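A.B. asks: Have a look at this one before I ask anything.
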Amino acid sequence: MTSTLSAILSALELGHLDRTSDLRTLEAPPPAEAMEQTVSAVWSDLFALFPFSALERDIEDLGWGLVNLFHRAAAKKHQMIDRLTDEIRLVLAEQDGSEVATADLEDKIDLARKIEQSAEAYETMRDTAARHYLHETGRSWVPASGNRISLGTTAAIVDGRSYLQARRERVRDANMVHGTPVIFAGGRLRFASDDDAKQFADNLLRTLNAVRERVGDMYLVHGGDMKGIERLAASWAEQNGIQQLRFGLDRKLGDRAGFRRNEQMLSVKPRYVIAFQGNGVTERLVIEAKARGIHVVDRRGPLGTPPASRSCG
């Protein structure tokens, strides 16, 4: 395991990744089980140092960064594959049937497949670390920008056109969510006591579980605010194997950003909108949802309960 870990960490020198290096001679990545065990061992040993020390308050930031290390490595590999697919497309367009052209095409396809295997290996390590991050912090790991996807097992590729089509379809499928959308909305709240916070969390989880009983194929739509109560909903979704669709704020829109996000979330035509206490943007989301005939599960009352003056969801 020690030599495997050393090789993995060496490969994570992101600034030195170069598509022109001799990747053609690479063997297959380490077995998935070995990668998962190694990451788990590293995580366990590293974070066992922190509790009851001056470093304890840094656990969340360091854990996020460790997961992000593998995420960035996978992203780098995917960028290399994207450049290679452009080259494959060019070779196909100029294909004259000669032995040299055919060999060049086969080399590029083989190189792309090997890099894709490496990307999937880093995704395996990232997802393993993300599970430990969730267990350690109670929060779902979300990248600073972009999506967190895994392409899974590579299908057999028989020629250039098949590779390009498979690449497009796999990336498309990895970015898709399937099922019935349910929006979750709420802001950043403070509680007078730990008991109040626990009661609120219990009410939130009870509400999510109740909605899931009604919508067995639900996926959760939210704004991805990992400092507000949306992080509780995101963690619940990950623990229960529920897909998530995140609409971040477009900061360039200024004060309009939150309302634009509302429009984007409602455009997926959700079955329910689950609303907890928030700001005026949450209030507008509830108003718009009701205007469209979408059922609102209103939990904007004290500690995540239905408001007494409103009909309950």
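A.B. asks: Would you pick out the residues in the stretch 60-74 that are in contact (Cβ under 8 Å) with a residue 40 or more places away in the chain and open to solvent by 60 Å² or more (accessible area, probe 1.4 Å)?
C.D. replies: E60, W64, R72
A.B. asks: If we keep just the residues of the stretch 76-96 that are in a helix (DSSP H, G or I), over 18 Å from R172 (Cβ atoms) and free of Cβ contacts under 8 Å to residues at least 40 places away in the same chain, which is least open to solvent (accessible area, probe 1.4 Å)?
C.D. replies: The extreme case among them is E87.
A.B. asks: For A119, which of the numbered conditions (1) farther than 30 Å from G228 by Cβ; (2) surrounded by fewer than 18 Cβ atoms within 10 Å (Cβ to Cβ) fails to hold?
C.D. replies: Going through (1) farther than 30 Å from G228 by Cβ; (2) surrounded by fewer than 18 Cβ atoms within 10 Å (Cβ to Cβ) one by one, A119 breaks only (2).
A.B. asks: If I go through the stretch 233-247 residue by residue, how many of them are buried (at least 18 other Cβ atoms within 10 Å of the Cβ) and free of Cβ contacts under 8 Å to residues at least 60 places away in the same chain?
C.D. replies: Matching residues across the stretch 233-247 total 4.
A.B. asks: Please enumerate the residues belonging to the stretch 103-124 that are touching an Asp or Glu at 6+ places or on another chain (Cβ under 8 Å) and in contact (Cβ under 8 Å) with a residue 60 or more places away in the chain.
C.D. replies: T124
The values are calculated or read from the model by the stated rules, or taken from the named source; none is laboratory data. In this text, all values refer to a predicted model and were calculated from it rather than measured experimentally. Quick reminder, even Gly has a Cβ in these numbers, built from the backbone with ideal geometry, and neighbours come from all protein chains shown. Just so you know, the surface numbers come from the protein's heavy atoms only, side chains and all, with ligands and any DNA or RNA stripped out. Shrake-Rupley method; radii C 1.70, N 1.55, O 1.52, S 1.80 Å.
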